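Undergrad: This structure is in structure tokens; I'll ask about it shortly.
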Amino acid sequence: AGDGHTCALDRLERAWCWGSNWNGQVGNGTIDIMGVPAPVRVTGLGGGLNGISAGADHTCALDRLGRAWCWGAGGHGQVGDGADRDRRAPVRVSGLSRGLTGLDLRSDRSCALDRSSRAWCWGQGASTPSRVNGLSSGLTRLAVGWDHACVLDRMNRARCWGNNWNGQLGDGTETSRPAPALVRRLPGGLISLAAGGAHSCALDHGGLAWCWGANLSGQLGDGSTLDRLSPVQVRATSL
């Protein structure tokens with residue numbers, strides 16, 4: 001789900017979208033300022049899609065060959081075709097060959113993992129993908145927030161980069177990082193990872209949830225509304 005639109009894959013793994021369509025994010029070849037209130041089939045993509053993800057006003061999908069296709073808002077390069085313009089129907093992301101295995105979007109940024117488990121990102125002013133520096137291969141999970149992103153490395157440790165005004169990188173500071181930094185004070189063997197607007201969370205092998213970053217609305221689940229610069233355990237007293 002994006003800011004105002006939603007997409008899904010059907011049993012034949014075809015893409016359908018509905019909702020806001022100011023920028024073509026529904027992907028049916030049109031612009032509709034009134035929105036699209038019921039699902040429509042995304043133009044030009046067949047079945048067998050391996051994944052779909054929505055940013056604020058754009059959408060991307062992986063086809064059966066592991067190629068990335070994006071549509072919708074593209075003014076910040078988030079569609080990834082090098083044109084910095086909105087697309088009403090899917091276009092192929094430039095510079096990435098077959099074999100992508102994962103995809104995540106947020107705001108005006110898109111990121112993907114390739115079959116060598118390397119991370120690539122585009123958007124926020126970069127109109128074609130570039131490899132994320134400071135990461136080896138063997139990445140297992142990818143999560144993209146508004147202005148930050150996180151991955152799990154081959155040892156299932158969390159590493160994050162980007163803006164860090166609220167501690168969403170989890171390295172114990174409020175210093176933004178252009179390259180991934182290791183999240184501090186987390187147990188080993190993480191199995192899952194997620195990123196919100198300015199906070200991040202992970203699940204360890206024992207089933208415990210850990211979160212860090214912005215907490216004004218209590219989104220870290222530690223019983224407070226204080227931002228946390230490093231992970232805190234979610235207080236699951238009601239589970």
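Undergrad: Within segment 21-39, how many residues turn out to be open to solvent by less than 40 Å² (accessible area, probe 1.4 Å) and not in a loop (DSSP other than H, G, I, E, B)?
TA: Within segment 21-39, residues that are open to solvent by less than 40 Å² (accessible area, probe 1.4 Å) and not in a loop (DSSP other than H, G, I, E, B) number 3.
Undergrad: Spot the failing condition for THR128; the list is (1) open to solvent by less than 40 Å² (accessible area, probe 1.4 Å); (2) more than 14 Å from the chain's Cα centre (by Cα); (3) of a type in the set (Val, Ile, Thr), and only one is missed.
TA: With respect to (1) open to solvent by less than 40 Å² (accessible area, probe 1.4 Å); (2) more than 14 Å from the chain's Cα centre (by Cα); (3) of a type in the set (Val, Ile, Thr), THR128 is out only on (1).
Undergrad: What about ARG185, is it charged (D, E, K, R), open to solvent by 30 Å² or more (accessible area, probe 1.4 Å) and part of a loop (DSSP other than H, G, I, E, B)?
TA: yes
Undergrad: Still on this structure: Please work out which residue is farthest from PRO178 (Cα to Cα), limiting yourself to segment 140-149 and to residues that are open to solvent by 10 Å² or more (accessible area, probe 1.4 Å) and assigned to a loop (DSSP other than H, G, I, E, B).
TA: Of everything passing the filter in segment 140-149, THR140 is farthest from PRO178 (Cα to Cα).
Undergrad: Also, I was wondering about something else. If we only count strands (runs of 3 or more DSSP E) wholly inside segment 195-239, which ones have 1 or more residues that are of a type in the set (Phe, Trp, Tyr) and out of contact with any helix residue (DSSP H, G or I) (no Cβ under 6 Å at 6 or more places or on another chain)? I'd like the intermediate steps shown before the answer.
TA: Working: elements: 199-204, 209-213, 228-233.
By residue number, 209-213.
Undergrad: The conditions are (1) under 20 Å from LEU103 (Cβ atoms); (2) in contact (Cβ under 8 Å) with a residue 24 or more places away in the chain, and ASP10 fails exactly one of them. Which is it?
TA: (2)
Undergrad: Which residues, counting only those in segment 64-73, are open to solvent by less than 50 Å² (accessible area, probe 1.4 Å) and over 16 Å from the mean Cα position of the chain (by Cα)?
TA: Across segment 64-73, the qualifying residue is only GLY66.
Undergrad: Which one of CYS201, CYS211 is under 24 Å from GLY55 (Cβ atoms), open to solvent by 20 Å² or more (accessible area, probe 1.4 Å) and free of Cβ contacts under 8 Å to residues at least 40 places away in the same chain?
TA: CYS201
Undergrad: Then there's this: Out of LEU100, LEU152, report the one residue that is touching a Gly at 6+ places or on another chain (Cβ under 6 Å), farther than 20 Å from ASP3 by Cα and surrounded by fewer than 24 Cβ atoms within 10 Å (Cβ to Cβ).
TA: The match here is LEU100.
Undergrad: Answer yes or no: is there a residue in segment 155-169 that is assigned to a loop (DSSP other than H, G, I, E, B), loosely packed, with under 14 Cβ neighbours inside 10 Å and touching a Gly at 6+ places or on another chain (Cβ under 6 Å).
TA: Taking segment 155-169 and keeping what is assigned to a loop (DSSP other than H, G, I, E, B), we get 155-157, 163-169.
From the residues that got through so far, the ones that are loosely packed, with under 14 Cβ neighbours inside 10 Å too are 155.
This time we only want the ones that are touching a Gly at 6+ places or on another chain (Cβ under 6 Å), so: none.
Among the residues of segment 155-169, not one is assigned to a loop (DSSP other than H, G, I, E, B), loosely packed, with under 14 Cβ neighbours inside 10 Å and touching a Gly at 6+ places or on another chain (Cβ under 6 Å), which makes the answer no.
Undergrad: Could you go through segment 44-53 and let me know if any residue there is modelled with pLDDT of 95 or more, of a type in the set (Val, Ile, Thr) and in a strand (DSSP E or B).
TA: yes
Undergrad: Something else: Of the conditions (1) farther than 30 Å from LEU135 by Cα; (2) surrounded by fewer than 16 Cβ atoms within 10 Å (Cβ to Cβ); (3) at pLDDT 95 or above, TRP18 clears all except one; give me its number.
TA: For TRP18, the failing item is (2).
Undergrad: Hey, another quick one. Any idea which of ARG115, ARG85 is open to solvent by 70 Å² or more (accessible area, probe 1.4 Å) and within 16 Å of GLY66 (Cβ to Cβ)?
TA: Exactly one residue qualifies, and that residue is ARG115.
The values are calculated or read from the model by the stated rules, or taken from the named source; none is laboratory data. These numbers were taken from a predicted model, which means no experiment stands behind them. Positions of Cβ are generated from backbone atoms using ideal geometry, with glycine treated the same way; all protein chains shown enter the neighbour counts. Quick note on the areas: whole protein, heavy atoms, side chains included, nothing else; ligands and nucleic acids left out. Shrake-Rupley method; radii C 1.70, N 1.55, O 1.52, S 1.80 Å.
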